[in-house]
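Have a look at the structure below before the remarks.
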Amino acid sequence: MPPFFDVDGTLLKLNTMSSFYWYYYRHCRTNSALPFKRLFLFGYAYLHYLRLMTKAVKKDERMSVNKTYYARLNGMNEREYNHLVDKWFSGIDQSVFFNKGVMDCLHKHLESEHIVVLVSGSHMPLIQPYAKKLSIKHVIGTRVEVVGGCYTGRILNPMPLVGIGKAAAIKEFSEKNKIDLSYSYAYSDHISDCRMLETVGNPYAVIGDKRLMTYARLKEWNIIRLYK
């Protein structure tokens, strides 16, 4: 009865991609620039990010936001990127950014020796440090093409890991590992993951989204409240 955990907003209070995006611009992209250029680059990053987040909030287009993020990786050296990820992760206060109620459930599954799987639309290198910290071996995340040691920005997953894409990835993982999803668990905090939650027999809605709360009550799902 393996549990499938969404990461951003569910296990973590932060969004891994936006957190790393700001780390990159604050500590790396602008470090070697002159003061005026640093201000310009940071202003550009802020406006670009604000435009993406406004689009996500108004239209709930997480897929579009994710694709835009990955497109911006085009030309970035993979080794340098991974080095920046290590520095970003080591600078985060891990005790602050985990959602306690969800972590309690995670530890119970680990203690019962269940196969825990992290499922996220975020970039694999941003999720893997958390998986390693929590001793979780299985991660379903977004993989981006690398050619000549640099990212191209092209997503390699058959379907983007948003909405129905997450559900399809869970079904594929379960088929390969001979897992009966009717006995499995899934945890997520957002209405876009309803298809993911519906694939398992034991869905847990992590409430931070009013629309998910309404849907979860209608479906009589288990509910975990954030910041327990």
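Counting only DSSP beta bridges whose two residues both lie in the stretch 57-158, roughly 50 percent are antiparallel. Each Cα pair under 8 Å and six or more residues apart adds its sequence gap; the mean of these over the residue count of the stretch 162-222 is a relative contact order of 31 percent. The GluC sites (Glu not before Pro) of the stretch 100-189 that DSSP puts in a loop, and whose beta carbon has at most 15 other beta carbons within 10 Å, are GLU113.
How much FRET efficiency would the formula 1/(1 + (r/R0)^6) give for VAL147 and ASN222, where r is the Cβ-Cβ distance and R0 is 30 Å, rounded to 0.05? Before the final figure, lay out each step's value.
On the way: r = 44 Å, r/R0 = 1.46.
Efficiency, rounded to the nearest 0.05: 0.10.
Solvent-accessible surface of the stretch 70-130, averaged per residue with a 1.4 angstrom probe and all protein chains in place: 49 square angstrom.
Going 7 Å from the Cα of ASN82 toward and past its Cβ, which residues in the stretch 104-124 have a backbone nitrogen under 19 Å from where you end up? Those under the cut-off are 122-124. Counted residue by residue at 0.36 nm each, then reduced by the alpha carbon distance between them, the extension gain from PHE97 to MET213 reaches 39.5 nm. Straight-line cross-link reach from LYS178 at under 18 Å between alpha-carbon atoms covers these aspartates and glutamates, not counting any fewer than eight positions away in the same chain: GLU113.
At a 1.4 Å probe radius, carbon and sulfur cover how many percent of the accessible area of the stretch 165-226?
Numbers: 1470 of 3230 Å².
Its accessible area is 46 percent carbon and sulfur atoms.
Show ASP86, ASP209 ordered by accessible area, largest first, where the area counts protein heavy atoms only and the probe is 1.4 Å.
On the way: ASP86 95, ASP209 20 Å².
If we order ASP86, ASP209 from most to least accessible, we get ASP86, ASP209.
The relative contact order of the stretch 95-228, computed from alpha carbon pairs under 8 Å that lie at least 6 residues apart in sequence, is 19 percent.
The values are calculated or read from the model by the stated rules, or taken from the named source; none is laboratory data. Since the structure is predicted, the reported quantities are computational estimates derived from the model, not experimental observations. Using ideal geometry, Cβ is built from the backbone for each residue, glycine included, and neighbour counts are taken over all protein chains shown. With ligands, DNA and RNA removed, areas are computed over all heavy atoms of the protein, side chains included. Shrake-Rupley method; radii C 1.70, N 1.55, O 1.52, S 1.80 Å.
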